[in-house]
Structure formats: structure tokens, C-alpha cells
Amino acid sequence: MKKLEKSKLTGNTTIQISGSKSISNRLLILESLFKNIQIGNLSNSQDTQLLKKALSENTETVDIHHAGTAMRFLTSYYSIQDGKTTILTGSKRMKERPIKNLVTALQNLGVEIEYLENEGFPPLKIKGRKITETKVDVPANISSQFITSLLLIAGKLENGLEINLVGEVTSQSYIEMTLSILTKFGIKNSFVGNTIKVEYYNENDDSSTIDYEVESDWSSASYFYSFAALGRETIHLKSFDKESTQGDSAIAKIYDEFFGIKTIFTEEEHKLTLQPDPNFQFPEKIILDMNNCPDIAQTLCVTAAALKIPFEISGLGTLRVKETDRLLALHNELEKLGTETEFTDLTIKSISFNDPEDNISIATYQDHRMAMSFAPFCLIKELNIEEEDVVEKSYPMFWEDLENLLIKE
């Protein structure tokens with residue numbers, strides 16, 4: 001358990017954040033498929049290390065524990081390992097996270113995949129093959145990681161791949177990030193309407209090695225936006241790109257609009273400065289659709305709760321099938337901060353604000369984002385974070401970085 005005493009911020013602290021987990025995991029798959037890639041500033045997250053380990057081993061059974069991204073990306077990856085049979089498994093929670101839409105898409109492309117326990121859920125038995133089919137329909141409102149999983153292998157398919165997204169697209173920014181990475185490596189693609197096309201890429205036609213320096217993780221940056229919003233001190237973060245392809249870079253605009261945190265980029269240093277506006281007037285209510293950036297919803301809700309700003313957040317359908325049911329977890333833990341909420345499958349909104357509990361102890365539900373999104377509340381009142389090691393999944397240095405950021409009152 002991590003005890004966070006009531007604290008205030010140290011002004012002008014600089015934090016170096018590790019490479020984006022989302023980008024790193026995409027690059028690891030591409031590096032394994034196309035050997036002409038060199039990766040710099042790879043994420044030090046547990047998820048990325050688990051994926052890297054799985055790709056380096058030649059075993060029949062691969063256990064990716066809690067790493068949801070690895071489960072999804074590797075399902076497609078092993079599907080095109082012609083002649084190789086792989087059993088892909090994970091933790092108890094991983095076996096409760098649905099993967100049927102991705103498996104069905106791969107089965108429709110001719111891959112033989114078997115559910116070893118429960119229909120629609122891991123573990124999977126995958127018999128890799130050479131895919132020659134060229135078109136597949138995929139529901140558009142599923143996790144973008146399912147779609148990205150298919151996109152990452154598409155350039156390896158000799159006939160290319162056309163994906164038709166059926167319905168309204170969820171988390172489109174993550175799909176566009178994947179396509180941007182493919183483009184950088186010379187894999188031609190297009191995204192018109194609801195149709196994505198990716199052409200076959202023959203790496204033998206290009207002998208050059210492509211260097212990719214991974215931008216730092218905007219999801220990890222979001223927690224410092226919350227600290228800046230509550231503590232009203234300037235924080236510097238490195239290393240970021242002004243024109244980021246990460247969907248969670250939306251945090252800059254959101255925190256400018258609702259909490260008065262200006263983001264100033266220093267391009268030559270790849271640094272962003274979070275600067276609170278001392279004259280900012282907080283809104284009477286926050287109404288926001290976070291369909292394109294659901295992973296930062298927990299951070300926003302805790303910030304709003306700490307400032308007692310009523311909120312109504314929609315577009316959160318994917319949060320119920322993450323490491324935990326994040327909407328239920330938010331509802332339960334925000335109550336300890338004095339914030340009563342109600343939620344549906346897609347939304348969460350505040351109902352009332354009361355005094356926080358004494359001796360607050362935040363349950364994390366084995367979810368890294370629960371631990372980190374609630375940490376900034378220590379600027380309001382001391383609290384404990386249970387299962388503090390869950391941060392290793394995406395940000396192993398989080399608690400160490402907080403020690404440089406906070407001064408105990």
C-alpha cells in the first residue's frame with residue numbers, strides 16, 4: 001500500500017516520461033515482422049516488456065498475464081506464422097476480457113482459432129497460416145486495438161487487406177496513429193469513409209533501416225495535468241512532439257478548456273510545459289464526449305471531483321472491458337472522495353459532492369490507471385493507494401517521479 005500524505009507541488013519540476021506504450025507495442029510487432037526497424041526510447045512498461053519477451057521466445061504456450069494489448073496484437077501476429085501452432089493465454093482477468101470480434105475476423109480470413117475454455121474469451125489455440133483472403137468486415141464500435149491488430153499484419157499479406165468498419169467508429173485516433181506509423185515505414189494505406197486499405201509491403205525492395213524514436217506517453221502525462229490543475233504550479237514534461245499522433249494528447253485541450261492549464265511546447269527540447277492560468281474561472285459543469293480518448297476519463301473525473309465541478313462524461317463504452325470494469329471502479333472509489341455518481345454502459349456523471357472520508361484507501365482493482373488517476377487527490381487530503389505495484393503495467397517510475405514533484409505539508 002502506498003501512503004500519500006497531504007502535499008503541495010514543487011514549482012517548475014521537470015519529469016522525463018518513458019516512451020509511449022501504445023506506440024512501442026505497435027513497433028515491436030512491426031519490428032518482428034519487418035526486420036528493417038530500429039526503435040529508440042522504447043517504453044519501460046510491464047506490458048511492453050511482456051510483449052517483447054513473447055516475441056523473442058519460440059514456445060508453443062505464451063502467457064501474457066495482464067497485458068491486454070499484447071493479447072490482441074499477438075492473436076493476429078501468431079495467425080500469420082504459417083505452420084506454427086500457438087496457445088495464447090493470460091491472467092484470470094484476461095480470460096474474462098472478450099476477444100471474439102477479433103477472432104471472428106481472423107477466422108473469416110481463413111485462420112483456424114479455437115477457444116480452449118470459454119467461447120469468445122482467451123485462452124486461444126491459433127494455427128498460423130498464409131492468409132490470401134483480402135477483405136473482412138469488423139464492427140466499428142469495438143476496441144481500436146482489435147482493428148490495429150489486423151492493421152499491423154496487413155502489410156505482410158501478399159494480397160494486402162481491406163477492412164470494412166461496420167457502424168460508428170470508436171477511438172478513431174488510435175486507428176489513425178497506427179496508420180501513421182505504417183506510412184512512416186513505407187506501408188501504403190488509406191482510410192476513406194469506413195474502409196481501410198493496406199497494401200502488401202515487400203521489405204526486400206527497401207534495404208534501408210528506419211529509425212523510430214518513440215514519443216513519450218501522453219496517457220502518463222495526463223496524471224501531471226491533474227496535479228497541475230489541483231496544485232496550480234508549473235510542471236515540465238519530456239519528451240513529446242507538438243504534432244502527436246497519440247489520441248490521449250487531447251488531454252492538453254481538455255485541461256485548457258475546463259481547468260485552465262495551458263500547454264506550451266518547446267520544440268528543440270521536445271518539452272511541454274503545463275502552466276496554470278491564475279485568472280481562470282472554473283466552469284459550472286463539464287459535459288464531454290471522450291469516445292476518442294477514454295483512457296484519460298478516470299484522470300478527468302478525479303480532477304473534477306477534487307474541485308467539486310459537476311461532470312457528465314460520455315463515450316466510455318470500452319472502459320467496462322479493460323483491466324477492470326473502470327466505470328464501476330470509478331463509481332466506487334469516487335464515493336470515498338465524497339463524490340456520488342451514477343453510470344451506464346457508456347457514461348458516468350456526478351450527482352452530489354460531500355466531504356471526503358477519513359482514512360481514504362483507494363482500491364485499484366489491479367488497474368494501473370486507478371492508482372495513478374487518484375494519486376493527485378493527495379493535494380486535497382492524505383490517502384492510501386492499494387496494490388501500489390500495479391503502476392508497473394504502464395509507468396514503473398511513477399511513484400519515484402512523484403517524490404520529486406511533491407512537498408509534504
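Per residue, the accessible area of the range 25-81 comes to 35 Å² when a 1.4 Å probe rolls over the protein heavy atoms.
For the range 69-173, what's the relative contact order in percent, using C-alpha pairs closer than 8 Å and at least 6 residues apart?
Answer for the range 69-173 is 31 percent.
Calculated mean residue ellipticity at 222 nm for the chain: -9500 deg cm²/dmol, from DSSP H runs with n ≥ 4 weighted as -39500 (n - 2.57), summed, divided by the residue count and rounded to 500.
The solvent-accessible area of Ser22, taken with every protein chain present and a 1.4 Å probe, is close to 30 Å². Farthest toward the positive end of the dipole of the range 170-238, out of Ser208, Ser190, Phe224, is the Cα of Phe224, where the dipole comes from beta carbon charges about the Cα centre.
So if R0 is 51 Å, what FRET efficiency would Thr134 and Glu243 give, r being the distance between their Cβ atoms, rounded to the nearest 0.05?
Values: r = 33 Å, r/R0 = 0.64.
My answer for the efficiency is 0.95.
Using a probe of 1.4 angstrom and keeping all protein chains present, the accessible surface of the range 242-302 works out to 48 square angstrom per residue. Computed on the chain, with alpha-carbon pairs under 8 angstrom and 6+ residues apart, the relative contact order is 20 percent. Taking all protein chains into account, the per residue accessible area for the range 304-409 stands at 40 Å² (1.4 Å probe).
Going toward the positive end of the dipole of the chain, with +1 on Lys and Arg Cβ and -1 on Asp and Glu Cβ, which of Thr61, Leu383, Met370 do you reach last? The listed residue farthest towards the positive side: Thr61. Surface composition of the chain: carbon plus sulfur atoms contribute 43% of the solvent-accessible area (1.4 Å probe, protein chains only, all chains present). Averaging Cα coordinates gives a centre for the range 32-50 and one for the range 72-94; these two points are 18 Å apart.
Cα centroid separation, the range 304-358 to the range 222-257: 21 Å.
The values are calculated or read from the model by the stated rules, or taken from the named source; none is laboratory data. Everything numeric here is computed off the predicted structure, so don't read it as measured data. Methodologically, a virtual Cβ is constructed for each residue, glycine included, from the backbone with ideal geometry; neighbour enumeration extends over all protein chains shown. Surface areas here come from the heavy atoms of the whole protein model, side chains and all, with no ligands, DNA or RNA. Shrake-Rupley method; radii C 1.70, N 1.55, O 1.52, S 1.80 Å.
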